[in-house]
């Protein structure tokens with residue numbers, strides 16, 4: 001068993017050493033900016049150091065921060081909401097049906113968002129008396145973000161979930 005562990009440890013160390021050597025050869029040290037890191041990722045994919053799926057995932061991670069909020073918005077007509085006066089069972093039905101974890105809570109219509117409900121906040125009410133449930137106990141404030149902002153800029157101080165203002169009906 002210890003032979004297997006030492007072998008896998010040697011393999012990990014040799015891979016770390018290889019990547020360190022690759023970095024130092026390509027960039028005379030670590031990548032200094034985003035473009036150098038992307039070039040390293042692409043070169044690693046072309047040289048079959050990482051598989052295509054890994055390369056695509058790493059490139060996607062690099063690109064996601066520069067997406068605008070409008071690029072990730074869904075049309076208001078497709079937004080799944082809860083009403084402020086819904087019961088626990090009604091909320092659970094919507095949550096189970098949609099399989100989402102966050103829901104805008106509205107009063108009258110989708111133009112009147114009262115806050116955000118996170119599905120996990122309902123868990124305590126599942127163990128205790130459902131009659132104790134009140135939307136006021138679980139409603140979180142809705143943060144409104146301009147749709148022109150990038151994910152990077154709004155993520156640096158705005159907790160999720162955030163609601164973009166502007167519409168994509």
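If you take the Cα atoms of the stretch 103-145, find Rg, then find the Kirkwood Rh from the mean of 1/r over all pairs, what is Rg/Rh?
Here the Rg-to-Rh quotient is 1.03.
Please give the contour-minus-distance gain from residue 132 to residue 71: 0.36 nm per residue of separation, less the Cα-Cα distance, rounded to one decimal in nm.
Extra length from residue 132 to residue 71 when fully extended: 18.0 nm.
How many nm separate the modelled label positions at residue 123 and residue 108, each set 7 Å beyond the Cα in the direction of the Cβ?
3.7 nm
Computed from the coordinates by the stated procedures, all read-outs in this text should not be read as laboratory data. The shown structure was predicted, so the numbers you read here are calculated from the model rather than taken from an experiment. With ideal geometry, Cβ positions are generated from the backbone for all residues, glycine too; neighbour counts draw on all protein chains shown.
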